[in-house]
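The values are calculated or read from the model by the stated rules, or taken from the named source; none is laboratory data. Remember, predicted model here, so these are calculated numbers, not experimental data. Here the Cβ is made from the backbone with ideal geometry for all residues, glycine too, and neighbour counts use every protein chain on show. Protein only, heavy atoms only, side chains kept; ligands, DNA and RNA dropped before computing areas. Shrake-Rupley method; radii C 1.70, N 1.55, O 1.52, S 1.80 Å.
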Amino acid sequence: MIRYVLAFLAVTHLYLYLKLRSGFGVGWWGLIYVVWGVVSAILPFASRMGYLGTGRPPEILFGLAFTWIALVGMACVGFFFMDAASLAAWLLDALAGTNFKPRFFAPRKCVPVTLLLLFAAALYSYYEAWDVKRVDIVLETSKLPEEIDRLRLAHLTDIHLGGLYTPARFRRVMDIVRSAEPDILVLTGDVVDGDMSFWEEETKLLASHGAKYGAFAVTGNHEFYVGIDKTVDFMRRARVVLLRDAVVDVAGIAIIGLDDSARMGRGTSETLPSGLNFSEDRFVLLLKHRPQVIEGTEGKFDLQLSGHTHDGQIWPFRYAARLANKHVQGLSHKGPSAVYVSNGAGFWGPPLRFLAPPEVTVIDLVRR
């Protein structure tokens, strides 16, 4: 896997270097570009494997390295479209006998323009990653307890606390949660992406959720990358109940929480906890990080909440995410069961999101 990642980084960096050289010629910048490209490829592996120590500094270096890698990827996409437009202009030249292409697509003209557009896209991506949206959904059900006409859920996922995700960003997320006055807060994995023993302010912010019946979470793949013991400790300090293949009865509904398939020894097989015997008139909420519906479970739950995909985080990677996952973003149905996949409230790696805005989902279960 690592060799494929390194090969991808090598190809994108080489392509961008050739485009920059066509626009600016050969100069001292090339050596700096190559050195920083190598460093940005090494830093993520070194920081996550503990070679740089623990705490904020290596997490920040990890985020900076991936910010550069994301910008290189965005630049490659921009130049790819510029090359496609140049090819189209060349074909028009050939068919019409005009001289359109040399005037508009000379490298020393189109390369600076493409970089200027990239700069604008990067600024917008940074703003979009900051501008967390509240998404409201209303689901009717006949399975609420008699004394409850409406049950409000706040759904958070894929925050990725750590790295470049600052307390100010998380404060904005938790302000939305508290203003919604939820009955239950649920978190569907990848809440942490670093050693949270160093991040006290974020712990206190999560603990201030204010949910009437409490907060419940499941693991994502990054909770296991960080270390499950560290994750358990963080959730305890943040007043969040971590459900690991477990079921709890909260406010008259059943909440099932499944461990992510990244758990050692679990492989890719996932099943619902054995011994489930819910009556047909009780609402069943399934918390599962990855947005796949387990084979044969349709109808055994009423609503599954998931994350994981970020909707690609940076366009056009959403199309890759949608190829890999049947349920990617928004509300869909699998038989009688509803599935909602959130974009996530944070970001992984670079503090950038492009055409995949972060969200806090507020779901009202109302009596039919």
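In this rough spin-label picture, where each label sits 7 Å from Cα along the Cβ direction, the residue 31-residue 45 distance is 2.5 nm. Largest accessible area first, the residues 348, 199 order themselves as 348, 199 under a 1.4 Å probe with ligands, DNA and RNA left out.
Solvent-accessible area of residue 300, all protein chains in place: 120 Å² (probe radius 1.4 Å, heavy atoms, ligands and nucleic acids excluded).
Measuring between their Cα centroids, the range 107-167 and the range 330-366 lie 8 Å from each other. Ligands, DNA and RNA left out, the 1.4 Å accessible surface of the range 111-211 is 58% carbon and sulfur atoms. The accessible area of residue 22, taken with all protein chains in place and a 1.4 Å probe, comes to roughly 50 Å². The modelled label-to-label distance between residue 87 and residue 323, using points 7 Å beyond Cα along the C-beta direction, is 1.7 nm. Per residue, the accessible area of the range 276-365 comes to 38 Å², computed with a 1.4 Å probe over protein heavy atoms only. Listed by chain and number, the aspartates and glutamates whose alpha-carbon sits under 15 Å from that of residue 19, ignoring those within fewer than 8 places in the same chain, are 83. Rolling a 1.4 Å probe over the heavy atoms of the protein chains gives the range 164-249 an accessible area of 38 Å² per residue. Summary of packing: across the peptides 135-146, 223-234, the per-residue average of other C-beta atoms within 10 Å ranks them, highest first, as 223-234, 135-146. The calculated FRET efficiency for the pair residue 137 and residue 14, based on their C-beta separation and a Förster distance of 56 Å, comes to about 0.80. Can you tell me the orientation of helix 107-130 relative to the chain, as the angle in degrees between its alpha-carbon axis and the longest Cα principal axis, to the nearest 10? For helix 107-130, the angle is close to 20 degrees.
Packing, taken as the mean count of other beta carbons within 10 Å per residue, orders the peptides 85-93, 8-16 from highest to lowest as 8-16, 85-93.
Pairs exceeding 27 Å between alpha-carbon atoms, taken from 204/326; 143/204; 230/288; 204/334: 204/326; 143/204; 204/334. Treating r as the C-beta distance of residue 364 and residue 230 and R0 as 41 Å, the FRET efficiency rounds to 0.75.
To the nearest 10, the accessible area of residue 2 is 90 Å² with a 1.4 Å probe.
Applying 0.36 nm per residue to the separation of residue 207 and residue 120 and subtracting their alpha-carbon distance, the gain on full extension is 27.6 nm.
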